[in-house]
Amino acid sequence: MKYRLVVAWLLLRESVRAMLAPLRLLAFLPTQARWRAAALRVLADQPALPDDDPQVVLMPGEARTGRLFISAGEASGDAHAAAAVRAVAAAGGHVEWIGFGGAPLTDAGVALRYPLSGRAVMGLSGVFRSLPFVLGAVRRFLQVLDDERPDLVVLVDYPGLHLVLARLARRRGIPVLHYIAPQYWAWGPWRMQRYRRCVSATLTILPFESAFFRDAGIPSCYVGHPLLDRAPDAPAPDLPPRVLCLLPGSRRREIELNLPGLLRVAAALREDDPELTVVLPHSDPARGPLIESLLRDHHAEFVRYRKGPIGAVLATARLVLAKSGTGSLEACLHGTPTVVVYRLSGRFAAWFARRCLTVPFIASANLIAGRAVIPELCFRGDDGWTDVLAAARTLWPDGATRTRCLDDLRAVRARLGTAGASRRVARWILPFCSPPTPLR
């Protein structure tokens, strides 16, 4: 009862914000050229290494509780948040952690106040379907702020809901640290003003991102990519050397859009090279029935579907066909030539990609390099798969094109710098530990 009016007001405000989004988009169009020019400057002048020292030390308030809040809204963020919690402990920080998330955070020693992880909400329709859950999270967060008064709020990825929570914390004078900054530099620079009001500082995982946020007046630091913190993957011993790996995406709609076309490309490549083996690894077992159904429907008995981590397959593969996203970057970090695909779902998405994106590439490897080092194809409908096949045929055989791609991927890996993202995140949190832990 206490928080119903606040939650109702937030719901009304966010609904109005969503309805005004088309007008904001139209207002952005005349400034598109300026944003694109700024993006090109930033991509050409990226930091060589992650920043080991916080550029801005977030200062805790005088009344200390020794309690910090951390939140993650989906599985990948949960893992990154848990790694940051462990890094704080490893650095000697003593703190009582409370938060929203899932099992990884619980295992790291966080006392969960709401089971947020695993209920990722995508798009406007997804928000409405999950509205009771989302409103419950907001109401519970208000209770945490008032009853437990954390010294710092750490939010990992998941910007939609997390920005609502961030604003509530800032209004109560609680600093907010956002880890894994949203990609507003690519598809929504007009959102920077709101973001500046919501967060005290943001930590980025791609080297060029921090400059975008600092230019908008938001304290920011490149901490490195958490993928680099993983132990190197050994090649899968049960796979032959000539492996084509398919990564259709993680979400249901992505798989439905991309897998049929990827299967057609894979079938054509098998005709070129009868020794080619097609493998489709996927880490989410919940997608198994969908993937198996699509493989049956498209008579793709030649595909080996593997449930579980994808790293061993990427370390074995000769070529990867991947939907744009974290999986495609992971493939590139394994040094595996990759063709990145972004199939658009409709006319509006195609218009948006053509008129509203402020960066010249969609693939992370190309953004990091500041130039095209791997093929990327963004298209609507089925005609684009012909171009995907042509790009794959240039990278599958040995030759100058493949050799150049391998060299470029090594440069991309070097440009990301060294491992230690979680350790660098911890350095921003250590001043809030009880007793305060000096930076070292």
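The strands (runs of 3 or more DSSP E) found wholly in region 237-352 include none carrying at least 3 residues that are assigned by TED's automatic domain parsing to the domain that holds residue 205, surrounded by fewer than 23 Cβ atoms within 10 Å (Cβ to Cβ) and hydrophobic (A, V, I, L, M, F, W, C). Evaluated against (1) surrounded by fewer than 22 Cβ atoms within 10 Å (Cβ to Cβ); (2) over 18 Å from the mean Cα position of the chain (by Cα), residue 362 falls short on exactly one condition, (2). Taking the listed residues 267, 231, the one that is modelled with pLDDT of 95 or more, out of contact with any strand residue (DSSP E or B) (no Cβ under 7 Å at 6 or more places or on another chain) and either closer than 21 Å to residue 35 by Cα or not aromatic (Phe, Trp, Tyr) (or both) is 267, with no other qualifying. Among the residues here, residue 197 qualifies as touching a helix residue (DSSP H, G or I) at 6+ places or on another chain (Cβ under 8 Å) and in the same structural domain as residue 35 (by TED's automatic domain parsing). Exactly one residue among 377, 333, 357, 319 is of a type in the set (A, V, I, L, M) and within 20 Å of residue 229 (Cα to Cα), and that residue is 333. Answer yes or no: is there a residue in region 150-161 that is buried (at least 18 other Cβ atoms within 10 Å of the Cβ) and free of Cβ contacts under 8 Å to residues at least 60 places away in the same chain. For region 150-161, residues buried (at least 18 other Cβ atoms within 10 Å of the Cβ) and free of Cβ contacts under 8 Å to residues at least 60 places away in the same chain: present. The set of residues in region 397-434 that are touching a helix residue (DSSP H, G or I) at 6+ places or on another chain (Cβ under 8 Å), assigned to a helix (DSSP H, G or I) and more than 30 Å from residue 67 (Cβ to Cβ) comprises 401, 402, 405, 408, 409, 411, 412, 413, 415.
Quick check on region 377-387. Is at least one of its residues out of contact with any Cys (no Cβ under 7 Å at 6 or more places or on another chain) and crowded, with 23+ Cβ neighbours inside 10 Å? Among the residues of region 377-387, not one is out of contact with any Cys (no Cβ under 7 Å at 6 or more places or on another chain) and crowded, with 23+ Cβ neighbours inside 10 Å, which makes the answer no. Please find, within region 3-56, the residue that is modelled with the highest pLDDT out of those that are in a helix (DSSP H, G or I) and among the hydroxyl-bearing types (Ser, Thr, Tyr). The extreme case among them is 31.
State whether the residues of region 15-38 include one that is surrounded by 14 or more Cβ atoms within 10 Å (Cβ to Cβ) and more than 19 Å from residue 357 (Cβ to Cβ). There is no residue in region 15-38 that is surrounded by 14 or more Cβ atoms within 10 Å (Cβ to Cβ) and more than 19 Å from residue 357 (Cβ to Cβ). When 235, 219 are screened for being within 30 Å of residue 316 (Cβ to Cβ) and out of contact with any Gly (no Cβ under 8 Å at 6 or more places or on another chain), only 235 passes.
Return yes when residue 68 is in a strand (DSSP E or B), modelled with pLDDT of 85 or more and out of contact with any His (no Cβ under 7 Å at 6 or more places or on another chain) and no when it is not. Spelling it out, residue 68 is indeed in a strand (DSSP E or B), modelled with pLDDT of 85 or more and out of contact with any His (no Cβ under 7 Å at 6 or more places or on another chain). Pairs linking a residue in region 89-104 that is outside the structural domain of residue 116 (by TED's automatic domain parsing) and farther than 18 Å from residue 78 by Cα to a residue that is of a type in the set (A, V, I, L, M) and not in a loop (DSSP other than H, G, I, E, B), with Cβ atoms under 9 Å and 6 or more positions apart or on different chains, do not occur.
The values are calculated or read from the model by the stated rules, or taken from the named source; none is laboratory data. As the structure is a prediction and not an experimental result, all values here were calculated from the model. Heads up, the Cβs are rebuilt from the backbone with ideal geometry, glycines too, and the neighbour counts pull from every protein chain shown.
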